[in-house]
Amino acid sequence: KLVGSDPSSDLAVLQISGQNLPVASLGDSSKLAPGDWTIAVGNALALPGGPTVTTGVVSALGRTTAEPGNGNQPGPVLFGLIQTDAPINPGNSGGALKDINGNVIGINTLVAGEAEPGVQAQNIGFAIAINTAKSIAGQLVANGKVEHAYLGVSYIPLTPTIAQQLGTTEKEGMVVGAVAPGSPAA
């Protein structure tokens with residue numbers, strides 16, 4: 001039974017009825033460091049024969065990336081991700097990213113497609129950190145929804161060209177394009 005879902009974080013909570021169900025041990029993703037071993041579990045390419053397992057390391061922490069969208073709609077932007085070089089393939093999404101002790105430290109969510117147009121990315125997979133997932137799951141169980149922080153602005157990075165157009169000597173920052181009426185920023 002679906003308890004709640006949050007498309008903005010690519011997570012959902014399901015209630016499964018039954019007895020003697022196996023339970024995965026949850027780890028603490030705040031204790032991870034680049035170079036820590038990872039184990040990605042999933043069902044790559046939905047091939048017959050059951051689950052697949054790959055290994056790698058934590059490549060980086062705190063990554064931000066956008067999921068692919070549907071048609072004209074952009075996908076959600078995910079924050080605080082674990083980057084791993086453990087192969088994550090279609091069908092692994094939703095599977096566990098485990099540490100060397102078998103504790104779940106993340107939920108596999110996507111793999112980088114292209115580093116830039118025409119250049120295929122290699123061994124760059126992302127998982128939602130388990131500490132983030134626990135927080136989102138707690139809100140879904142308690143409220144059936146998640147409250148996300150919202151500033152209410154649209155912005156673009158300040159580039160040298162834009163700085164020149166605006167007549168500013170600033171070299172870093174963001175340019176606010178619009179403020180949503182009634183938003184916290186307003």
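The values are calculated or read from the model by the stated rules, or taken from the named source; none is laboratory data. In this text, all values refer to a predicted model and were calculated from it rather than measured experimentally. Heads up, the Cβs are rebuilt from the backbone with ideal geometry, glycines too, and the neighbour counts pull from every protein chain shown. Just so you know, the surface numbers come from the protein's heavy atoms only, side chains and all, with ligands and any DNA or RNA stripped out. Shrake-Rupley method; radii C 1.70, N 1.55, O 1.52, S 1.80 Å.
List of remarks:
- Each principal axis of the stretch 6-46 carries a Cα extent, and these read 38, 29, 27 Å when sorted largest first.
- Report summary: the helix-based calculation at 222 nm, which adds -39500 (n - 2.57) for every DSSP H run with n ≥ 4 and divides by the residues of the chain, gives -3500 deg cm²/dmol.
- If you model the chain as an ellipsoid using its alpha carbon gyration tensor, with each semi-axis the square root of five times an eigenvalue, the axes come out at 34, 22, 16 Å, biggest first.
- Between Thr52 and Gly42, Asn43, Ala44, the built amide H atoms are under 5 Å apart, and every one of these is 5 or more places off in sequence or on another chain.
- Working ranking of peptides 16-24, 121-129 by packing, defined as the average number of other Cβ atoms within 10 Å per residue, highest first, is 121-129, 16-24.
- Annotation: amide H of Lys98 within the under-5 Å range of Ile39, Ala40, Val41, Ile105, sequence separation 5 or more or interchain, hydrogens built in the peptide plane.
- Convex hull volume per residue in cubic angstrom - Cα atoms of the stretch 108-180: 173
- Nonlocal amide H pairs with Thr65, under 5 Å, H built at 1.01 Å: Leu78
- Share antiparallel - DSSP beta bridges, the stretch 1-141, percent rounded to 5: 95
- Against the chain, whose longest principal axis comes from its Cα atoms, helix 130-143 is set at around 90 degrees.
- Each residue of the stretch 78-91 was assigned a 3J(HN,Hα) from its phi angle through the Karplus expression (A = 6.51, B = -1.76, C = 1.60, θ = phi - 60°), giving 9, 10, x, 7, 8, 9, 9, 9, 5, x, 10, 10, x, x Hz with x at Gly and Pro.
- Largest mean-square fluctuation among Val176, Val146, Val58, in a Gaussian network model of the chain whose springs join Cα atoms under 10 Å apart, belongs to Val176.
- Charging the Cβ of each Asp and Glu at -1 and of each Lys and Arg at +1, and nothing else, the dipole of the chain about its Cα centre rounds to 380 debye.
- ³J(HN,Hα), Karplus 6.51/-1.76/1.60, whole Hz, each residue of the stretch 103-108, x for Gly, Pro: 7, 6, 10, x, 10, 4
- Under a model in which nothing but the beta-carbon of Lys, Arg (+1) and Asp, Glu (-1) is charged, the stretch 105-186 shows a dipole of about 280 debye around its Cα centre.
- Scanning the chain for trypsin sites (Lys or Arg not before Pro) that sit in a DSSP loop and have at most 11 other Cβ atoms within 10 Å, the longest stretch containing none of them is 2-144.
- Taking the 1.4 Å solvent-accessible surface of the stretch 75-135 as the whole, the part contributed by carbon and sulfur is 53%.
- Here the stretch 1-94 is treated with +1 on each Lys and Arg Cβ and -1 on each Asp and Glu Cβ, and its dipole about the Cα centre works out to around 120 debye.
- Positive-end ranking of Val111, Ser29, Gly177 along the dipole of the chain, with charges on Cβ about the Cα centre, is headed by Ser29.
- Cβ-based net charge around Pro76, under 12 Å, with every Lys or Arg adding one and every Asp or Glu removing one: -3
- Most mobile listed residue (Leu26, Leu151, Leu110) in the chain, GNM with C-alpha springs under 10 Å: Leu151
- Among Asn103, Asn43, Asn70, residue whose mean-square fluctuation peaks in a GNM of the chain (springs only between Cα atoms under 10 Å): Asn70
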